[in-house]
Amino acid sequence: MQELKDLFRNDPQEAEIIEIAEVLRSVDSGVPYGREELLSKLKNPTPVKNRTSILRWGLGSSALGLVVVAMTIPSLIGTHSNLTNEVASPQAVGTGQMMYMSDKDDPAPEAKRESMESSSARASAPSLTAPASALMKDKSVDGFYSTSVPLEATYGVYLERTGSATIKVEDLGRTADEVAGIVQNYKGFVTAKSINDSQDFGTGSMQIRVPTVSFNALQNDIKKLGDLVSLNENSQDITAETVDNTSRMYTWAQEELRLVELLNKTSNFENKMRVRRQLNEVRANLESYRANVKSLRERANFSTLSLTLQRGDNPNGGMQGSNGSWSRNVGRDALGGLKAVGQTAGTLGIYALVFTPVWLPIAIMGYLLKRRSR
Amino acid sequence: MMVLVQDSKQVSIPLKIEKLVEDHYDSVFRFCSVRVGFHRAGDAAQETFLTAQRVLSKFRGDSQPRTWLIGIALNECRRVMRERQLEAVPAEFASSGGSESKLVNKEALRMALLTLSEEHREVVLLHEIDGFTCDEIATLVKVPVGTVKSRLHHAFIGLRKAMSTSERGEN
């Protein structure tokens, strides 16, 4: 306090500043907990390795990692479509122990590096501890309620899955109805549908949203409805966005609870109004983040499939449509031509080989006769 | 793990991590609680000591053990705040006892703290709540003592201004 007094000596604001400092010093940081747990952790420390063993460990684990990756990539590709919205826990990431050397006592860089090193491992920890979850419960006194948000653990991987498929079918209307039935079975819904049918040719398109857990099953069922022309699938990782927004929502929810508590303690009308104003601001922020989180979770929980149905051959052939489809068709035709030339050459080669007993003696005799005549 | 440090009588004594926990856990916990909130403070304090245990052999006793530990805790809290997008403002202000007007004043002060820049707020918290001197803060945040004093001065002017603006707005 003396330092502060020296700083503001002869300042007209000195008294107010000291008062502010006194309020600051009255902060209640709660009764410390976790000491016993820490002591038991310290008694069973994780062994720290020296530099050589770290290097060896690092090289060994890298090599092992490469082997594992090489072995799992094909299966990952194969099973990629089996991913659900919460597919993997990053628990195994970055759990290695490392020790950093420094020449000074300065703890900052070491602590920073240590923190960074362990942060990825910690990312798998549940986001809410027991006291925090308890805070989320409604508390009401004198009729003031918190609009507390039920929060689940936010970690895991959040994937937004989208896909598109084109199938050739016999009857557009009937197939569209079948698709709607399948989607309903999976508790999904059709968000858009259009059918354009003529005598020889017809197309239809449908936008489908199904729970992500049923996305693969839906694709399999749809493939059976006709001849599959194309199928594409995309996954976008929205984990960081979801965790960020959930964390902010959680912070605002805590803020709201705190203000509600304060409001219930306050009896003076003016003070009540002041706290209420703050509460309104906090609730506006909370609602905004709540909406974001809801939208993100919905994006992860539901996958979208754009389905195109085709009936008959396009009467306008490859010339119809965009320049992209025209050039694709020309390219396909050229490739077809090249394939035909190759096939012809191959056929001739095989015939020549098979008829060797016939033409080879004739050729040899011709050659000998030609030499003798010279 | 054990290292030697000199006590006030310049006698070398062994420094054990258990002793550090015994002497400074509460202080580190309170430091973390103010910055990352009560429910995260336990984890942050534990992480601080686990980090301290790992780097204890590098501690040569140039600074006080408490200052050294708070330096580690400061980085740990910054990491948590960065991860959780938190602002380092004492969240438990209002829950402490006191008269109604005091509670509302604390609330206003809490809001005023949010208006400060991170550097100014950090200096205020270290000086007023954690009780560090300007010299110690200079060591912790690695700026000259003059800069610490200047930040402290500007921070309090900012706090006073924000609080008086808030009062005027409400009246």
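The values are calculated or read from the model by the stated rules, or taken from the named source; none is laboratory data. This structure is a prediction, so every number in the text was calculated from the model and none was measured. Backbone-built Cβ (ideal geometry, glycine too); neighbour counts: all protein chains shown.
Residue-wise test of (1) out of contact with any helix residue (DSSP H, G or I) (no Cβ under 7 Å at 6 or more places or on another chain); (2) under 16 Å from A:S306 (Cβ atoms).
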site: A:G181; (1), (2): yes, no
site: A:K187; (1), (2): yes, no
site: A:I222; (1), (2): no, yes
site: A:D227; (1), (2): yes, no
site: A:N232; (1), (2): yes, yes
site: A:A253; (1), (2): no, no
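Among the helices (runs of 4 or more DSSP H) confined wholly to segment B:107-171, which include 2 or more residues that are at the interface with chain A (Cβ under 8 Å from one of its Cβ atoms) and surrounded by fewer than 16 Cβ atoms within 10 Å (Cβ to Cβ)? Steps first, please.
Numbers: elements: B:118-124, B:134-141, B:145-170.
Helices (runs of 4 or more DSSP H) meeting the threshold: B:145-170.
How many residues, within segment B:49-79, are under 13 Å from the mean Cα position of the chain (by Cα) and more than 7 Å from chain A (Cβ to nearest Cβ)?
Summing the residues that are under 13 Å from the mean Cα position of the chain (by Cα) and more than 7 Å from chain A (Cβ to nearest Cβ) in segment B:49-79 gives 8.
Of all residues in segment A:9-26, which are in a loop (DSSP other than H, G, I, E, B) and more than 7 Å from chain B (Cβ to nearest Cβ)?
Hits for segment A:9-26 are A:R9, A:N10, A:D11, A:P12.
When you go through (1) out of contact with any helix residue (DSSP H, G or I) (no Cβ under 8 Å at 6 or more places or on another chain); (2) closer than 27 Å to B:M111 by Cα; (3) buried (at least 19 other Cβ atoms within 10 Å of the Cβ) one by one for A:S214, which number turns out not to apply?
(2)
Looking at segment A:27-50, which of its residues are buried (at least 18 other Cβ atoms within 10 Å of the Cβ), of a type in the set (A, V, I, L, M, F, W, C), at pLDDT 75 or above and not in a helix (DSSP H, G or I)?
Of everything in segment A:27-50, nothing turns out to be buried (at least 18 other Cβ atoms within 10 Å of the Cβ), of a type in the set (A, V, I, L, M, F, W, C), at pLDDT 75 or above and not in a helix (DSSP H, G or I).
What's the number of the only condition in (1) out of contact with any Leu (no Cβ under 6 Å at 6 or more places or on another chain); (2) over 22 Å from B:S27 (Cβ atoms); (3) modelled with pLDDT under 65 that B:A94 fails to meet?
(1)
Taking B:H24, is it facing chain A (nearest Cβ under 7 Å) and crowded, with 18+ Cβ neighbours inside 10 Å?
For B:H24, the condition - facing chain A (nearest Cβ under 7 Å) and crowded, with 18+ Cβ neighbours inside 10 Å - is not met.
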